[in-house]
Amino acid sequence: MILDLHTHSVRSDDGRAKVANYCQWIKKKDLPLDGVVLTEHRQFDAESDYRELEDQYGLLILKASEVETDYGHVLVFGVNEDMVHAFDFARIDNPLPEVLAAAKSCGGFAVPCHPGRRNVGLFSHYEERGPVDDVEVVEIYNGGSIPGEDERSRQEADRYGYRGIGGSDSHIVSRIGLCATEFADDIATMDDLVSALRTGRCEARTWRT
Amino acid sequence: MRIEDVELGDELPEERPDVSLETVRRFVKAAEMDFPRFTDHEAARAEGLPGAVIPGIMSQGQLAAMIHRWAPGCSILSLDTIFRTSMIVGTPVVCRGAVTDIDDDGIVEIDVTIISETSGATGVLGTARVRLT
């Protein structure tokens, strides 16, 4: 089962994609995706209900968030009422150890994204400040990376023993599915996804040429 | 280009607009926005930019031109762009577009991007709503 774990819709300030248009694009282009996870910037979209689209297109649509920390951007999966009160999703300088701990204690899972990118990536902060405990997984394939960034992500992930996931980081429709994550087991809910991320029964994939 | 001829997923022909210093100088003069950050690499660096940058409205004009060449006579209802990284004057770029939605009123939605051919970075991305004949 393949999911794009990093996507933005019009709910993000810089997102220009409607979720319905993502769905029809996936089907029209026959992309090998079984679903997407919407990771809106600095917020958790508790309101949107995509069940009709899931049924119409036969896709799984889950919701997570991309938050900002002092070590770069981080995807948080399994967001719930406890987690949105555990730290401020709107802040741009959340301490990474606090985000990792809050995600874990609230039953979720946090994954630094595009870690090979300057300024907003984990590994550029490691150069200055050293590694952070409790990082287990990073996004090693990101659809918005420029040449060299994903290579750095993979090399550094290997060096620190982190597992990898993939996501397109799409902000417009036609970028969906450039990178994704393949799961060994079926994923039907966010709990399934968090469990798979914890156990490592998944593998990053890229279709970028 | 008629609405009947368009399919979801269609790609517009790529364009590689002239972003040379000379052309940018002519553009900013015509647009009455002749500032050194657009026309002088050293002056731009002094402002903290990586070099002279292509004006945002010039990038939008290049995207609009691409759409009009694909569909002469169309009306661009909106062109909503996000500027993610500075596009440097004299560095080759490629403009791309793809049809991502078609509605019953003859309006198509198009993803548009401008990508640096040197770094591979997407400098501009966005969407256009276009009424076809």
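Give the residue that is nearest to A:ASN80 (Cα to Cα), with candidates limited to residues of the range A:157-198 that are away from every other protein chain (no Cβ under 14 Å) and of a type in the set (Lys, Arg). Let's see the steps before the verdict.
Filtering the range A:157-198 down to residues away from every other protein chain (no Cβ under 14 Å) leaves A:157-167, A:179-198.
Next, only the ones that are of a type in the set (Lys, Arg) stay: A:159, A:163, A:198.
Details: A:ARG159: 32, A:ARG163: 24, A:ARG198: 17 Å.
Taking the candidates together, the pick is A:ARG198.
Residues in the range B:42-62 that are closer than 23 Å to B:THR122 by Cα, assigned to a helix (DSSP H, G or I) and open to solvent by 80 Å² or more (accessible area, probe 1.4 Å): 2 in all.
Every test in (1) open to solvent by 10 Å² or more (accessible area, probe 1.4 Å); (2) in contact with a helix residue (DSSP H, G or I) (Cβ under 7 Å, 6 or more places away or on another chain) is passed by B:GLY73 save one, and that test is (2).
To keep it simple, each residue is scored yes or no on (1) open to solvent by 20 Å² or more (accessible area, probe 1.4 Å); (2) modelled with pLDDT under 95; (3) in contact with an Asp or Glu (Cβ under 7 Å, 6 or more places away or on another chain); (4) among the small types (Gly, Ala, Ser).
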site	(1), (2), (3), (4)
A:VAL19	no, no, no, no
A:ILE26	no, no, no, no
A:LYS29	yes, no, no, no
A:VAL36	no, no, yes, no
A:THR39	no, no, yes, no
A:ASP55	yes, no, no, no
A:ASN80	yes, no, no, no
A:ALA102	no, no, no, yes
A:ASN119	yes, yes, no, no
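Screening A:PRO95 on (1) out of contact with any Ser or Thr (no Cβ under 8 Å at 6 or more places or on another chain); (2) away from chain B (no Cβ under 14 Å); (3) open to solvent by 10 Å² or more (accessible area, probe 1.4 Å) shows it passes everything except condition (1). When A:SER48 is tested against (1) over 22 Å from A:ALA196 (Cβ atoms); (2) touching a residue at least 40 places away in the same chain (Cβ under 8 Å); (3) more than 14 Å from chain B (Cβ to nearest Cβ), just one condition goes unmet, and that condition is (2).
Collect the residues in the range A:1-17 that are over 13 Å from the mean Cα position of the chain (by Cα), open to solvent by less than 60 Å² (accessible area, probe 1.4 Å) and more than 14 Å from chain B (Cβ to nearest Cβ), keeping them in residue-number order. Hits for the range A:1-17 are A:MET1, A:ILE2. Of the residues B:THR81, B:THR85, the single one that is under 25 Å from B:ASP10 (Cβ atoms) and among the β-branched types (Val, Ile, Thr) is B:THR81. Among the conditions (1) surrounded by 23 or more Cβ atoms within 10 Å (Cβ to Cβ); (2) over 20 Å from A:ASP192 (Cβ atoms); (3) under 13 Å from the mean Cα position of the chain (by Cα); (4) not small (Gly, Ala, Ser), A:TYR71 misses just one, which is (3). For the range B:63-121, a tally of residues being assigned to a loop (DSSP other than H, G, I, E, B) and of a type outside the set (Ser, Thr, Tyr) returns 16.
Name the residues in the range B:1-41 that are touching a residue at least 40 places away in the same chain (Cβ under 8 Å), more than 14 Å from every other protein chain (Cβ to nearest Cβ), part of a loop (DSSP other than H, G, I, E, B) and surrounded by 14 or more Cβ atoms within 10 Å (Cβ to Cβ), would you? If the condition is that a residue be touching a residue at least 40 places away in the same chain (Cβ under 8 Å), more than 14 Å from every other protein chain (Cβ to nearest Cβ), part of a loop (DSSP other than H, G, I, E, B) and surrounded by 14 or more Cβ atoms within 10 Å (Cβ to Cβ), then B:MET1, B:PRO17, B:VAL19 are the ones that fit. Within the range A:83-101, restricting attention to residues that are in a helix (DSSP H, G or I) and more than 20 Å from A:LEU38 (Cβ to Cβ), the residue that is nearest to the chain's Cα centre (by Cα) is A:LEU100. For the range A:128-151, the set of residues classified as over 15 Å from A:ARG205 (Cα atoms) and away from chain B (no Cβ under 14 Å) consists of A:GLU128, A:ARG129, A:GLY130, A:PRO131, A:VAL132, A:ASP133, A:ASP134, A:VAL135, A:GLU136, listed by residue number. If you go through the range A:175-188 and keep only what is open to solvent by less than 60 Å² (accessible area, probe 1.4 Å) and either aliphatic (A, V, I, L, M) or more than 13 Å from A:ASP4 (Cα to Cα) (or both), you end up with A:ILE176, A:LEU178, A:ALA180, A:ILE187.
One residue stands out among those in the range B:94-129 that are open to solvent by 30 Å² or more (accessible area, probe 1.4 Å) and among the acidic types (Asp, Glu): the one that is nearest to the other protein chains (Cβ to nearest Cβ), which is B:ASP101.
Within the range A:13-43, the residues that satisfy the criterion of being part of a loop (DSSP other than H, G, I, E, B) and among the small types (Gly, Ala, Ser) are A:GLY15, A:ALA17. Filtering B:ASP5, B:ASP10 for residues that are of a type in the set (Asp, Glu) and at pLDDT 95 or above leaves a single hit, B:ASP10. The residue that is nearest to the other protein chains (Cβ to nearest Cβ), counting only those in the range B:78-90 that are crowded, with 20+ Cβ neighbours inside 10 Å and over 12 Å from the mean Cα position of the chain (by Cα), is B:ILE88.
The values are calculated or read from the model by the stated rules, or taken from the named source; none is laboratory data. In this text, all values refer to a predicted model and were calculated from it rather than measured experimentally. Cβ sites come from the backbone with ideal geometry, for glycine too, and all protein chains shown count toward neighbours. Calculation scope for accessible area: heavy atoms of the full protein, side chains included, ligands and nucleic acids excluded. Shrake-Rupley method; radii C 1.70, N 1.55, O 1.52, S 1.80 Å.
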